[in-house]
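**Q** I am attaching a structure below and will ask some questions about it afterwards.
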Amino acid sequence: MKPHEREAAVRRMLERTPPQVPPGLHTEVVRRGGRMLRRRTVARRLMWLALLAATLAFVIWAWTARPWVEPPSTTTPPVSKW
């Protein structure tokens, strides 16, 4: 499509009357939007709660298991001066 044809097509579209909106559409959209926002808020809070629980579980595990400490040796060292 050439630029002048495209411009003419846009002008024809803009000159038309806008389509009629159904009467109850606004209230339905507001209701659905509110429900979507509530669901998103609940999901966000649950994800933060899961992150907090995972962090707390990791801290408690690290505090009790102490993975940074070298485990005690299970064999005796060799005796050198007898």
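The values are calculated or read from the model by the stated rules, or taken from the named source; none is laboratory data. All figures in this text were calculated on a predicted structure; none of them were measured in a lab. With ideal geometry, Cβ positions are generated from the backbone for all residues, glycine too; neighbour counts draw on all protein chains shown. Note: accessible area is taken over every heavy atom of the protein model, side chains too, but ligands, DNA and RNA are not part of it. Shrake-Rupley method; radii C 1.70, N 1.55, O 1.52, S 1.80 Å.
**Q** Any idea which of (1) of a type in the set (V, I, T); (2) open to solvent by 100 Å² or more (accessible area, probe 1.4 Å); (3) assigned to a helix (DSSP H, G or I) is the one T17 doesn't satisfy?
**A** Answer for T17: the failing condition is (3).
Yes/no per residue for (1) on the phi > 0 side of the Ramachandran plot; (2) of a type outside the set (S, T, N, Q); (3) surrounded by 10 or more Cβ atoms within 10 Å (Cβ to Cβ):
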position: L46; (1), (2), (3): no, yes, yes
position: A53; (1), (2), (3): no, yes, yes
position: L56; (1), (2), (3): no, yes, yes
position: V59; (1), (2), (3): no, yes, yes
position: P67; (1), (2), (3): no, yes, no
position: E70; (1), (2), (3): no, yes, no
position: T76; (1), (2), (3): no, no, no
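**Q** In this structure, does R12 turn out to be part of a helix (DSSP H, G or I), out of contact with any Phe, Trp or Tyr (no Cβ under 9 Å at 6 or more places or on another chain) and at pLDDT 95 or above?
**A** Numbers: part of a helix (DSSP H, G or I): yes; out of contact with any Phe, Trp or Tyr (no Cβ under 9 Å at 6 or more places or on another chain): yes; at pLDDT 95 or above: no.
No: the conditions fail for R12.
**Q** If the Cβ limit is 6 Å and pairs must be 6+ apart or interchain, which residue in the stretch 29-46 that is part of a helix (DSSP H, G or I) pairs with which residue that is of a type in the set (K, R)?
**A** none
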